[in-house]
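So the structure is just underneath, and the comments pick up after that.
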Amino acid sequence: NGGTVSLAIEATSGTYMLTGAATGGPTDLCVPDPSVGQPHARLLLSGRRIGLEDLGTPGGTFIDGARLLPEHGPRDIRAVRSVRLGTV
């Protein structure tokens with residue numbers, strides 16, 4: 001609906017799958033919207049670094065308005081202002 005979602009993660013390492021539907025996995029972060037793929041992107045944590053990797057879904061992953069493609073690999077998102085998955 002055009003709102004903003006904030007995500008707080010207390011872990012210092014790990015890999016999380018951003019997905020459009022809950023699959024019951026302990027490391028799935030569900031964004032229930034038809035424009036978000038299953039899975040859509042990968043969130044990577046290592047120490048103070050936070051990375052985001054697009055998995056090639058049609059809806060796309062955007063960092064500060066620029067499209068992230070699978071061939072870009074993981075991108076550091078600590079200093080970004082916005083992340084969009086599909087239309088969310």
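Within the stretch 8-19, if we keep just the residues that are over 14 Å from R48 (Cβ atoms) and touching a strand residue (DSSP E or B) at 6+ places or on another chain (Cβ under 7 Å), the residue that is most open to solvent (accessible area, probe 1.4 Å) turns out to be T15. For the stretch 23-76, filtering for residues that are open to solvent by 40 Å² or more (accessible area, probe 1.4 Å), touching a residue at least 24 places away in the same chain (Cβ under 8 Å) and over 17 Å from T87 (Cβ atoms) leaves 10.
Within the stretch 22-52, the only residue that satisfies the criterion of being on the phi > 0 side of the Ramachandran plot and touching a strand residue (DSSP E or B) at 6+ places or on another chain (Cβ under 9 Å) is G47. If you go through the stretch 22-50 and pick out every residue that is at pLDDT 85 or above, among the hydroxyl-bearing types (S, T, Y) and over 17 Å from I77 (Cα atoms), you end up with 1.
The values are calculated or read from the model by the stated rules, or taken from the named source; none is laboratory data. This one's a predicted model, so the numbers in the text were calculated from it and none came from an experiment. Heads up, the Cβs are rebuilt from the backbone with ideal geometry, glycines too, and the neighbour counts pull from every protein chain shown. For the accessible areas, the whole protein counts, side chains as well, though only heavy atoms, and no ligand, DNA or RNA atoms are used. Shrake-Rupley method; radii C 1.70, N 1.55, O 1.52, S 1.80 Å.
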